[in-house]
Amino acid sequence: MTRLLDRTFWGLTLGLFALLLLNFLLEEWMRSIGLQSLSRGCVAIGLLVLWRTGLVSFGHALFFGFGAYTVAMLQIIGINDIILLLIGGMATAGGLALVLGFLLRQYRAIFFALLNMAFSMILYGVLAKVESLGSTDGIGISQVTFFGFTASSEAYRPTLFVFAAIFAYIAAVGSHWYLKSTLGLMTMAVRENEIRVEYLGYSAEKAIHIKYVLSGVLAGVGGVIMALTVGHVDPDSMVYWTVSGDFVFITILAGTGNVGATFIGALVYELLRTYAFEFAPEIWQLILGGALLLIIMFLPDGLWSLRSEWRSRRALAAARSGKTEKGEAGQ
Amino acid sequence: MKLRETKFTQCLVGAALGGVMALGGATAFAQTVKIGTPSFLTGAAAPAFGIPAKQGTELIVRGINNGELPAPYNTKGLAGRQIDLIVYDEAGGGTKQVTEFRNKAQKDNVDAIIGIISSGTCAALTKVAEELKVLTIQTVCGTPRVFEEINKDPKYVFRTINHATANNVSAARYLAAKMKDKVKGFAGINQNYAWGQDSWRDFQLAMATLIPAAKASKKPQFPKLFSGQYGTEISALSRSRENVVHSSFWGGDLEAFIGQASARGLFKRKSFVLTVGETVAYRLGKKFPQGILAGTRGPYGMYVVDDPTPLNQWFQKEFRKAYGSPPSQPAYQYAQGFLAAKYAYDKAAKDAGKFPSTEQVITALRGATFPTFVGDVKMGLSKGHQAMTDDRWGVTAWDEAKGEMVVKDVVVFPAECVNPPDGVGSIEWLKGGMKGAKC
């Protein structure tokens, strides 16, 4: 049990409480940015889970969009409680990942990345034609109830933020524990030497399949949070391949060292985009692209590597001054 | 001596800094009306739509702030206060736009949003505008769904341009008036998304009432949005029996289509109806096809170049002076949104006796009739939130003397002739044979 309650767990728990406290202080626009960061962070965890196996998906907007559109469809048939919508979004995205996984688990590298993208663009094409879901104009999402309770208009978004933070927390902690489990660690071995893993008696494809479903579910959670945050879903900003690109951007920005880092990455991305948009409305894409380039050149392991670098420097300094520091494994 | 010089320089710098700060302080504390304007600054919709829209906006804001406009808009500012304009990018889809709208409303505290080109953005921003209680004047987007489905009881959202149905109805009316016997059926090529699908449906329904003998093609073309290559579609259209082709193409797609279809002589063989063709007519110049129907969704751009009203002449002259090209429809349509704001703020201030609240401005604009560049805009539909203007159609021709594209044989259709009566949904009205139209 203690193995599960490690520093990352406590860090995430602390982060959750900090967010719940901050919720009282935040201005509304900051809360919006926070909600979107939580949403994109969830998807980025899904990508991180795959990344640990050496797989990159350029099509996770497929599950993200599936989660978001599930909210819209459930609302059409009258289901409007946040928990039911979340379960619905997770179930449909996870179910889709389960089905597609049978095919995709056989592919690696660029084939895996692009097949994902192909599937997401198929969904895009379908949604762009379905008039009852608003076609390319998209469809509005109404305000939801929380366990059957309706929040007043002032309390609505703070309450939504509390729920989103808790969902993201559960997603992060769950993923962290999964990655520390034998099954989770084994997938790193798959990245290093797949044949050897097979010889050890494990099925690499099965391990990847499980990962794929997990990452699909996480992207679905992100989609649900996003749909509720924005109050509108449309194919262009939910399923288009550039959206998948955003998630890959965040994962690179954050680095794959730690699940908590993805939320920091998502927040940095969100702030970067907001301010680039504000100060350079005609070249904001250029600024985002430039930032990505700088990250890849100077921080190839993402923002999280700043922390490990700082730690190793401190350890080095400590070693020089004669003290010893206990290294920590398992990050 | 040296020391004193240094001190003198320091004093000078200090004074200058102080002055700048005082100035900065003064502008920061001066009362302004902050307006956010979304427009496509990047992407495929920027050259033909977004950039002219931004230019028209900047020009009209300059005119309003300096009091340069002719009567009745010849006072400075909105109800005496200067406009503080923030133009931002409309690219990226509905979700991104909702986020930006929240940023503008809650972070930058804008007083109003004026603009919006894409129907998708309008659909996405309607709910959030009502939720955040921000006065929003939609200027270009066409989908009738904004007030007929999404927001049936609008308060904060207005649209100062005809919705798309009116444009397709007037196109059909023009065909019926000018070449009723010549139309032997009509084909269509529209982008495969909401705007293209709606446009084709509206045109088809209007034609069914007005020229029942002309049958719609059974195979309307719906190429992918932004596909840019129309070889197969052009072949299919060339072979089709129908002699009229309807298209709601716009932006880069329209320019690509015109280039490819001209090369194959399609415009000489078929009568084309390009519902927003005017947007690229000035950009393409002589390359724009002649002898086709090109629409502007109202009294804008090519259709009003020579109209003598002082406001229109001011806009034409100043726009050409500032940007070196004639103003096309998005420039007019965005500027018209600002005229609506100017009208409403000034009227509300007069009624209230002081600077008006947003609610007072809304009351002033709801159901109002205000003069625009040519003629009036009547906020006559959807409880006074949806505008009606006349609509115009004509045939394009190259004017050698002017060196620009012009329209001939223009017919002006009154607003009541091409719009459904208040309270009647567009599709319902079209399917019922357009009853109650006053032509």
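The values are calculated or read from the model by the stated rules, or taken from the named source; none is laboratory data. As the structure is a computational prediction, the values presented were derived from the model and not from experiment. All Cβ positions, glycine included, derive from the backbone under ideal geometry; neighbour counts span all protein chains shown.
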Exercise. Yes or no: B:Phe272 more than 23 Å from the chain's Cα centre (by Cα), free of Cβ contacts under 8 Å to residues at least 60 places away in the same chain and buried (at least 17 other Cβ atoms within 10 Å of the Cβ)?
Worked result: no
Problem set entry | Residues satisfying the stated conditions in the stretch A:1-37, i.e. within 14 Å of another protein chain (Cβ to nearest Cβ), of a type outside the set (D, E, K, R) and farther than 30 Å from A:Ala109 by Cβ | A:Leu26, A:Trp29, A:Met30, A:Ser32, A:Ile33, A:Gly34, A:Leu35, A:Gln36
For this session: Within the stretch A:269-290, work out how many residues are surrounded by 14 or more Cβ atoms within 10 Å (Cβ to Cβ) and either in contact (Cβ under 8 Å) with a residue 60 or more places away in the chain or part of a helix (DSSP H, G or I) (or both).
Result: 12
For this session: Would you point out which residue out of A:Ile296, A:Ile287 is away from every other protein chain (no Cβ under 14 Å) and not small (Gly, Ala, Ser)?
Result: A:Ile296
Exercise. Only one residue in B:Val361, B:Val374 is assigned to a helix (DSSP H, G or I) and touching a helix residue (DSSP H, G or I) at 6+ places or on another chain (Cβ under 6 Å). Which one?
Worked result: B:Val361
Exercise. Applying the selection to the stretch B:178-201, what residues are aliphatic (A, V, I, L, M) and in contact with a Phe, Trp or Tyr (Cβ under 8 Å, 6 or more places away or on another chain)?
Worked result: B:Ile189
Exercise. Filtering the stretch B:258-267 down to residues that are surrounded by fewer than 23 Cβ atoms within 10 Å (Cβ to Cβ) and in contact with a helix residue (DSSP H, G or I) (Cβ under 8 Å, 6 or more places away or on another chain), which residue is nearest to B:Pro330 (Cα to Cα)?
Worked result: B:Gly259
Problem set entry | Lone unmet requirement of (1) surrounded by fewer than 24 Cβ atoms within 10 Å (Cβ to Cβ); (2) in a helix (DSSP H, G or I); (3) modelled with pLDDT under 90 for A:Gly201 | (2)
For this session: Give just the number: which of (1) more than 19 Å from B:Val87 (Cα to Cα); (2) touching a Lys or Arg at 6+ places or on another chain (Cβ under 9 Å); (3) of a type outside the set (A, V, I, L, M, F, W, C) does A:Pro300 not satisfy?
Result: (2)
Exercise. Looking at A:Ala165, is it in contact with a Leu (Cβ under 9 Å, 6 or more places away or on another chain), more than 19 Å from A:Ile77 (Cβ to Cβ) and within 14 Å of another protein chain (Cβ to nearest Cβ)?
Worked result: no
Problem set entry | Filtered residues of the stretch B:190-205 (kept if more than 13 Å from chain A (Cβ to nearest Cβ) and either surrounded by fewer than 24 Cβ atoms within 10 Å (Cβ to Cβ) or under 20 Å from A:Val130 (Cβ atoms) (or both)) | B:Asp202, B:Gln204, B:Leu205
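Residues are listed down the side, and each one gets a yes or a no for (1) farther than 30 Å from B:Glu131 by Cβ; (2) of a type in the set (Phe, Trp, Tyr):
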residue: B:Ile161; (1), (2): no, no
residue: B:Lys178; (1), (2): yes, no
residue: B:Lys182; (1), (2): yes, no
residue: B:Phe186; (1), (2): yes, yes
residue: B:Ile189; (1), (2): yes, no
residue: B:Ala194; (1), (2): no, no
residue: B:Ala206; (1), (2): yes, no
Problem set entry | Extreme residue, farthest from B:Ile51 (Cα to Cα), among residues of the stretch B:312-356 that are surrounded by fewer than 24 Cβ atoms within 10 Å (Cβ to Cβ), among the hydroxyl-bearing types (Ser, Thr, Tyr) and in contact (Cβ under 8 Å) with a residue 60 or more places away in the chain | B:Tyr343
Problem set entry | Residue that is surrounded by the most Cβ atoms within 10 Å (Cβ to Cβ) [pool: residues in the stretch A:231-268 that are within 14 Å of chain B (Cβ to nearest Cβ) and outside any helix (DSSP H, G or I)] | A:Asp234
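Yes or no, residue by residue, for (1) loosely packed, with under 11 Cβ neighbours inside 10 Å; (2) among the hydrophobic types (A, V, I, L, M, F, W, C); (3) at pLDDT 80 or above:
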{"residue": "A:Leu292", "(1), (2), (3)": "no, yes, yes"}
{"residue": "A:Ile296", "(1), (2), (3)": "no, yes, yes"}
{"residue": "A:Gly302", "(1), (2), (3)": "no, no, no"}
{"residue": "A:Ser305", "(1), (2), (3)": "no, no, no"}
{"residue": "A:Glu309", "(1), (2), (3)": "no, no, no"}
{"residue": "A:Gly322", "(1), (2), (3)": "yes, no, no"}
{"residue": "A:Gly327", "(1), (2), (3)": "yes, no, no"}
{"residue": "A:Gln331", "(1), (2), (3)": "no, no, no"}
Problem set entry | Selection status of B:Thr121, under 20 Å from B:Ile51 (Cα atoms), out of contact with any Phe, Trp or Tyr (no Cβ under 8 Å at 6 or more places or on another chain) and of a type in the set (Ser, Thr, Tyr) | yes
For this session: Can you confirm whether the stretch B:154-173 contains a residue that is more than 22 Å from the chain's Cα centre (by Cα), part of a loop (DSSP other than H, G, I, E, B) and either more than 10 Å from chain A (Cβ to nearest Cβ) or not aliphatic (A, V, I, L, M) (or both)?
Result: no
Exercise. Looking at A:Thr256, is it closer than 26 Å to A:Leu16 by Cβ and among the polar types (S, T, N, Q)?
Worked result: yes
For this session: Could you figure out which of (1) in a loop (DSSP other than H, G, I, E, B); (2) facing another protein chain (nearest Cβ under 8 Å); (3) modelled with pLDDT of 90 or more isn't true of B:Val87?
Result: (1)
Problem set entry | Number of the exception - B:Ala340 against (1) assigned to a loop (DSSP other than H, G, I, E, B); (2) touching a helix residue (DSSP H, G or I) at 6+ places or on another chain (Cβ under 7 Å) | (1)
Exercise. Are any residues in the stretch A:98-133 exposed (fewer than 15 other Cβ atoms within 10 Å of the Cβ), hydrophobic (A, V, I, L, M, F, W, C) and within 14 Å of chain B (Cβ to nearest Cβ), and if so, which ones?
Worked result: A:Ile122, A:Val126, A:Val130
Problem set entry | Selected residue [of a type in the set (Phe, Trp, Tyr) and modelled with pLDDT under 90] from B:Phe257, B:Phe272, B:Phe226, B:Phe288 | B:Phe226
Exercise. Is there any pair with a first residue in the stretch A:146-171 that is buried (at least 19 other Cβ atoms within 10 Å of the Cβ) and a second that is among the acidic types (Asp, Glu) whose Cβ atoms are under 8 Å apart and which are 6 or more apart or on different chains, and what are they?
Worked result: A:Arg157/A:Glu28
Exercise. Would the stretch B:129-151 turn up any residue that is more than 29 Å from B:Gln313 (Cα to Cα), facing chain A (nearest Cβ under 10 Å), surrounded by 22 or more Cβ atoms within 10 Å (Cβ to Cβ) and of a type in the set (Gly, Ala, Ser)?
Worked result: no
Exercise. For the stretch A:134-159, what are the residues that are more than 9 Å from chain B (Cβ to nearest Cβ) and either of a type in the set (Gly, Ala, Ser) or closer than 30 Å to A:Leu55 by Cβ (or both)?
Worked result: A:Gly148, A:Ala151, A:Ser152, A:Ala155
Problem set entry | Where B:Pro299 falls short, out of the listed (1) surrounded by fewer than 21 Cβ atoms within 10 Å (Cβ to Cβ); (2) in contact (Cβ under 8 Å) with a residue 12 or more places away in the chain; (3) part of a loop (DSSP other than H, G, I, E, B) | (1)
Problem set entry | Residue that is in a strand (DSSP E or B), within 19 Å of B:Gln138 (Cα to Cα) and away from chain A (no Cβ under 11 Å), where the choices are B:Ile35, B:Ile60, B:Ile117 | B:Ile35
